[in-house]
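> First, the structure itself, so that you have it in front of you.
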């Protein structure tokens, strides 16, 4: 109980005692007092009895309904951590309050979207709330299969106020649909092999960043210096960079304030000179400078995202969730700011996901209130995302870099999920056919605009 409430409670109790001592038989306002059959107290009650906890407002009785939450992982709370124990305790309170049961549905990622979409189209959503990747939520949202936040939240919902329990996520097509539990901890940046940097006496990217010298050209300069044939056998022992060029284009574009598709306006940004600038830079890194390692033999193979993990590449754009099996010491720094970039965006956020309520869910406002209340547990972290970040990064310098210079600065990307948008075709022309970016844009701009017009 807060000090203010405690003081009020004690004052009321004191006045009641005075009234009882005065023998009055009426309450304030002259209304007759309610008679009581309880005997008068002869001894003071213990302090704990005098200061009861505030009673929780009663919930709506849902008659034993099962509230389902779906994800591509098992979100069931367990007792193997303090956080899990708190979640279990709060879950039991919520179940009792609303007379419900709670079920967590775990569907493999590769099957998830088909199952979700089919169930919503059939009018029987497989869950009352479910996780979706932002880029994959666009089409269901535009098709009216997902409910906007304003249809199930209220003026007193936490998400519309302090956002202490949940965080409101960015809009899709200008409309708010989703929330996230706790901190949004996505970290995407240039990850660098510290051993290679020490062995080759390369400048630390974090120091360059803090001095304002971490630019595209400095990135390329280091990549050239790191590409080495150490034993003169004609084969490089170290490489400057690696990665999937499709990813590289959108990340370097974001660092240059450019994009394939604007997530709110749903307009193509590929004709922007800043976007063309990013395509030119990636083509130079991958095809011209001789610094880019290709492990699979296919430059545009998505599996090249893991090549950096081999340990012979100095730098690559990596995602925090893909670092669990890295066996060498590494650091992280934001993707270098482009020559036309303002610093507003640090990366292109391709992996953001959130909790949505699908069309057809009964009592979505109550379901959402239950979801918020389930998050009302003690915070055991010193700062949001602490356990996750400390599980990925081993130095305070990296955690500080992630928290203060990368997290929260991701530009939402949608190009992979818009039907007929020429994303992959453009990358093939850029890398495999080595066409000029200007020519690629001229050839694909109308196709891109037509695809977005259909979506709208």
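Read-outs: derived from the displayed coordinates by stated rules, not from any lab. A quick note: this is a predicted structure, and the numbers were derived from the prediction, not measured. Glycine gets a Cβ as well: all are built from the backbone with ideal geometry, and neighbour counts include every protein chain shown.
> Using Cβ contacts closer than 10 Å as the measure, can you line up 428, 191 from fewest to most?
By the 10 Å Cβ count, ascending: 428, 191.
> Any idea what angle helix 364-374 forms with the longest principal axis of the chain, computed on alpha-carbon atoms, 0 to 90 degrees, nearest 10?
It works out to around 90 degrees.
> Work out, in µm²/s and without decimals, the Stokes-Einstein translational diffusion coefficient of the range 244-361 at 25 °C, 0.890 mPa s, Rh from Kirkwood over C-alpha pairs.
Here the translational diffusion coefficient equals 154 µm²/s.
> Still on this structure: Nearest 10 degrees, 0 to 90: what angle lies between the long axis of helix 245-254 and the longest principal axis of the chain (Cα atoms)?
Value to nearest ten degrees: 60.
> Here's something else I'd like to know. For the chain, report the translational diffusion coefficient in µm²/s to the nearest whole number, using Stokes-Einstein at 10 °C, 1.306 mPa s, and a Kirkwood Rh over Cα pairs. Don't jump to the answer; show the numbers that get you there.
Values: Rh = 25.7 Å.
Roughly 62 µm²/s, to the nearest whole number.
> Using the number of other C-beta atoms within 10 angstrom as an exposure proxy, rank 304, 111 with the fewest first.
111, 304
> Counting only DSSP beta bridges with both residues in the chain, tell me the antiparallel percent, nearest 5.
Here the antiparallel bridges make up roughly 60 percent for the chain.
> Calculate the FRET efficiency for residue 294 and residue 79 from the Cβ-Cβ distance with a Förster distance of 56 Å, rounded to the nearest 0.05.
E between residue 294 and residue 79, to the nearest 0.05, is 0.75.
> In whole Å, what three semi-axes, largest first, describe the equivalent ellipsoid of the range 107-188 built from its Cα gyration tensor (square root of 5 times each eigenvalue)?
23, 16, 12
> With angles folded into 0 to 90 degrees, how steeply does helix 216-226 sit against the dominant principal axis of the chain? Use alpha carbons for both and round to 10.
60 degrees
> For the range 319-448, just the Cα atoms, rotate onto the principal axes and tell me the three extents in Å, largest first.
If we take the Cα atoms of the range 319-448, the spans are 56, 48, 31 Å.
> Per 10 Å bin from zero, what fraction in whole % of the C-alpha pairs of the range 93-144 is there, up to the bin with the longest pair?
19, 49, 22, 10
> Given R₀ = 22 Å, FRET efficiency for residue 443-residue 287 by Cβ-Cβ distance, to 0.05? Display every interim value, and only then the final one.
Details: r = 18 Å, r/R0 = 0.84.
Efficiency computed from Cβ-Cβ geometry: 0.75.
> Taking the Cα atoms of the range 86-229, what is the range of coordinates along each of the three principal axes, in descending order and whole Å?
For the range 86-229, the Cα spread along each principal axis is 65, 34, 30 Å.
> Efficiency by 1/(1 + (r/R0)^6): what FRET value for residue 394 and residue 60, r their Cβ-Cβ distance, R0 = 41 Å, to the nearest 0.05?
0.30
> With each run of n ≥ 4 DSSP H residues scored as -39500 (n - 2.57), what mean residue ellipticity at 222 nm is computed for the chain after dividing by its residue count and rounding to the nearest 500 deg cm²/dmol? Walk me through the numbers on the way to the answer.
Working: 15 runs with 158 residues, N = 456.
Rounded to the nearest 500, the figure is -10500 deg cm²/dmol.
> While we're here: Whole Å is fine, so just give me how far the alpha carbon centre of the range 163-180 lies from that of the range 404-456.
Computed from Cα coordinates, the inter-centre distance equals 25 Å.
> Run through the DSSP bridge list for the range 46-204 and note the antiparallel percent, rounded to the nearest 5.
Here the share of antiparallel DSSP bridges comes out near 30 percent.
> Bin width 5 Å, alpha-carbon pairs only: give the P(r) of the range 156-282 as whole percents, running from 0 to the bin holding the largest distance.
2, 8, 13, 14, 14, 13, 12, 10, 6, 4, 2, 1, 0, 0
> Treat the range 208-265 as a sphere of radius equal to its Kirkwood radius over Cα pairs and apply Stokes-Einstein at 10 °C in a medium of 1.306 mPa s; give the translational diffusion coefficient in µm²/s, rounded to a whole number.
Result for D is 115 µm²/s.
> For the range 398-456, evaluate the Debye formula with one uniform point scatterer on each Cα (no solvent term) and list log10 I(q)/I(0) at q = 0.13, 0.19, 0.23 Å⁻¹, rounded to two decimals.
Cα-only, vacuum Debye calculation for the range 398-456: -0.51, -0.74, -0.87.
> Measuring from the lowest to the highest alpha carbon on each principal axis, how far does the range 49-168 reach, largest first, in angstroms?
57, 35, 29
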